[in-house]
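Engineer: Starting off with a structure, shown below.
The values are calculated or read from the model by the stated rules, or taken from the named source; none is laboratory data. What you see is a predicted model, and the numbers here were worked out from it, not measured in a lab. Note that each Cβ is placed from the backbone with ideal geometry, even for glycine, and that neighbours are counted across all protein chains shown.
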Amino acid sequence: MEARRAPMQQHKVLVADHTVDLLNLGGGRFCIATVIRVNQTVSFNCEGETTTEEEFVLLGGVEVVRSVEGEAGGLRMVKHKSKRYKFIRDKIRWVL
C-alpha cells in the first residue's frame, strides 16, 4: 500500500504597486498615506496555482514644528500615530 503525501504549499509574494500621498491637514500637520497592492500566488503540488490581490493603506501622522533655540536646522518633524487599514470591499478613488 502506498502512503499519500500531504499537499505542499509554496508562497510567492510580490508587492506589485504602491503610491504615496502627502495630505496637508493645516497648522503644520500632515498625513502620509501609502497605498500598497500585494499579489500573492499560492501553488499546490497537486492542484495548480491560486492568485489573490490585497490592498492596504498605511496612514502616518507627522507635524512640522520650529526647533527650540540651540538646535540646528530651524524646523523638525514630529512623528505621531500610524495605522494600517486593509481594504475589503471599499477603495480610495481620489483624494481632494
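Engineer: When you look at Asn45, is it modelled with pLDDT under 85 and polar (S, T, N, Q), yes or no?
Structural biologist: Criteria met by Asn45.
Engineer: Looking only at residues in segment 57-83 that are part of a strand (DSSP E or B), of a type in the set (D, E, K, R) and at pLDDT below 90, which one is nearest to the chain's Cα centre (by Cα)?
Structural biologist: Here the answer is Arg76.
Engineer: Quick one: in segment 1-30, which of the residues that are under 25 Å from Val62 (Cβ atoms) and within 14 Å of the chain's Cα centre (by Cα) is modelled with the lowest pLDDT?
Structural biologist: Here the residue is Val15.
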